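Chemist: This is the structure, below, for whatever I ask next.
The values are calculated or read from the model by the stated rules, or taken from the named source; none is laboratory data. Keep in mind that this is a model prediction, so the values were computed, not measured. All Cβ positions, glycine included, derive from the backbone under ideal geometry; neighbour counts span all protein chains shown. To get the accessible areas, we keep the full protein, side chains included, count just its heavy atoms, and leave off ligands, DNA and RNA. Shrake-Rupley method; radii C 1.70, N 1.55, O 1.52, S 1.80 Å.
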Amino acid sequence: MYHSAAVLCYLLVYVDDLVITGNTPSFLTHVIHQLGIQFSLKYLGTLYYFLGLDVIPTKNRLFLLQHQYIQDLLFKTNMQSAKDVSSPMSISVQLKLIDGTAPCNSTEFRSIIGGLQYLSLTHPDICFAVNKLSQFMHQPTVTHWSVAKRLLRYLKKTIFLGIHINHQSSFDVTTFADADWAGNYDDRTSTSAYITFLRINPISWSSKKQCAVARSSTEAEYRSLATATSETVWLLSLFKELCLPIPFPPRLLCDNLGATHLSFNPVQLSRMKHIQIDLHFVRDIVQRKILNVQHVNTHDQLADFLTKPLSSQRLHSLLLKIGLADGLSILRERIKEIPTDSTNNPLPPAQDCATIIQA
Amino acid sequence: MRHGTWELVPPPPDCQAVGCKWVFRVKRHPNGSITQFKARLVAKGYHQWPGLDYSETFSPVMKPATIRTVHTIVVMQGWSLWQLDVNNAFLHGNLHETVYMSQPLGFQDTTTPHHVCRLNKAIYVLKQVPRA
């Protein structure tokens, strides 16, 4: 990251892949030129494919999807011609570690789950299912295998699903925190989840099994609130580093009234004695006015799909709300646009910039 | 050798040289025709001892949330995104530890066959490479 009076430049580095952006194109060409002197670089032009991530620019917007990666994964698992399903996980299935079915090939299972984990870059919808399946990586059975296959069939249906990043003028941050109380059938631990938005664009999410058993739903929700708080505080430090001003403290939304009230009322409840670290951590952040904890109706809770399997109807209405879109129409429009682009600008962008660098 | 990756030295008495081998790959076009033959010299990283040949293996990479955040900022500010790729990225890294490697097969120096290569630059599969 480089920052001076008016010039702002970000350089993302992933081992040998670099992405550069900033507000002053002339400065960027200068940086690329200087880097080219130090290392032997290949200039690839406008970003379109980065770490298995397809980046498609649309009018004022950007569409992120991993359809190439999903296609490779389906090819690897021989699932290209499988039947589609419309939800990643069935509501009725109860996954347990030992369920009486025969064990299956754990090496292949692990390799598929590993491949699925990388998909969480653009697919918050499968985050819960992948996390759930990861809990059986050491001892998968036939049931777990069939759930993994169903997930691949869902991916086949939603291969063009991706994040549509919208143009917005203000930068306010909202985090939804949710928990599913005692949702794990093996040890009765809960699942905590959060999703963070920059205005309306989702930037960070997680679904995770809690490490201790919660005795009440408030306790489970409060733990997820603490996890969401630490992530939001980290994001705030990231925004600060990126010189992005956040106008007012981020909102942290939780659908449990008890947990919401506990975060700012200095009461000591005998039932909450054992989670004092989480309790004081969130309270401290709220008291210093870094965050604002608010209550949200369960119906408007956008992190719901990260804690439990949902019906396809409910899932799709939530996915629409969090800014996921089916990219098929976007890709079609893009294909139509390309010929008009090339007539206006005979030089492909890569060569265009190479000439700037040489000049 | 040409890139200053290593220099030939007589083996020091307490030296444990890391083995190496050539890895050959054929790159093909989608239609099956051959694009290029690639040969890559890799070190046998599993010969290395922690504390002696390497200390830190952590390599800094970004979190997925950072990627999405930067993309979001780019859209909101209307900037453009450009992509670069470093050729032979791993061979650019300088090594902080002294690592000795036996001479590569087929390229031994006939006058000094018992010498070992003292590495100046990182080469593939050394433990500390992604960090360099």
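Chemist: Remind me, what semi-axes does segment A:144-234 give for its equivalent ellipsoid, largest first in whole Å, using sqrt of 5 times each Cα gyration tensor eigenvalue?
Modeler: 26, 24, 8
Chemist: On alpha carbon coordinates alone, what is the Rg over Rh value for segment A:86-152, Rh being the Kirkwood radius?
Modeler: My calculation puts Rg/Rh at 0.94.
Chemist: Can you give the relative contact order of chain A as a percent, counting alpha carbon pairs under 8 Å and 6+ residues apart?
Modeler: Result for chain A is 18 percent.
Chemist: Using all alpha carbons of segment A:239-315, what is the percent of pairwise distances in each 5 Å bin, ordered from the shortest bin to the longest?
Modeler: All Cα pairs considered, the percentages come to 3, 13, 19, 17, 17, 15, 10, 6, 1.
Chemist: Also, quick follow-up: When only C-alpha pairs under 8 Å and at least 6 residues apart count, what is the relative contact order of segment A:37-145, in percent?
Modeler: 24 percent
Chemist: What number results when the radius of gyration of segment A:126-174, computed over Cα atoms, is divided by 2.2 N^0.38 Å?
Modeler: Compared with the compact-globule rule of thumb, segment A:126-174 sits at 1.69.
Chemist: Determine the total buried accessible area between chain B and chain A, counting protein heavy atoms only with a 1.4 Å probe; round to the nearest 100 Å².
Modeler: 4300 Å²
Chemist: With heavy atoms of protein chains only and a 1.4 Å probe, what residues of segment A:45-60 have at least 50 Å² less accessible area in the full set of chains than alone?
Modeler: A:47
Chemist: Sticking with this structure for a sec: For chain A, what are Rg and Dmax over the alpha carbons, in angstrom?
Modeler: 22.9, 73
Chemist: Just flag the chymotrypsin sites (Phe, Trp or Tyr not before Pro) in segment A:111-215 sitting in loop per DSSP whose Cβ has no more than 13 other Cβ atoms within 10 Å.
Modeler: Hits after loop and neighbour filter: A:185.
Chemist: Follow-up question, since we're still on this one. Over chain A, average the accessible area per residue using a 1.4 Å probe and give it in Å², no decimals.
Modeler: Computed with neighbouring chains in place, this is 48 Å² per residue.
Chemist: Still on this structure, I have one more. Could you give the C-alpha radius of gyration of segment A:44-171 expressed as a fraction of 2.2 N^0.38 Å, taking N as the number of residues it contains?
Modeler: Compared with the compact-globule rule of thumb, segment A:44-171 sits at 1.19.
Chemist: So, with a 1.4 angstrom probe, what is the percent of accessible area on segment A:188-251 that is carbon and sulfur?
Modeler: Summing carbon and sulfur atoms, their accessible area is 55 percent of the total for segment A:188-251.
Chemist: Right, another one. If I build a Gaussian network model for chain A, linking alpha-carbon pairs within less than 10 angstrom, which residue out of A:193, A:82, A:129 has the largest mean-square fluctuation?
Modeler: A:82
Chemist: If you place +1 on the Cβ of every Lys and Arg, -1 on the Cβ of every Asp and Glu, and leave all else neutral, what size is the dipole of chain A about its Cα centre, to the nearest 20 Debye?
Modeler: Using only the charged Cβ atoms, the result is roughly 580 debye.
Chemist: Quick one: which of A:209/A:273; A:76/A:132; A:132/B:63; A:208/B:63; A:132/A:240; A:132/A:157 span more than 25 angstrom between C-alpha atoms?
Modeler: As for pairs spanning more than 25 Å Cα to Cα, those are A:132/A:240.
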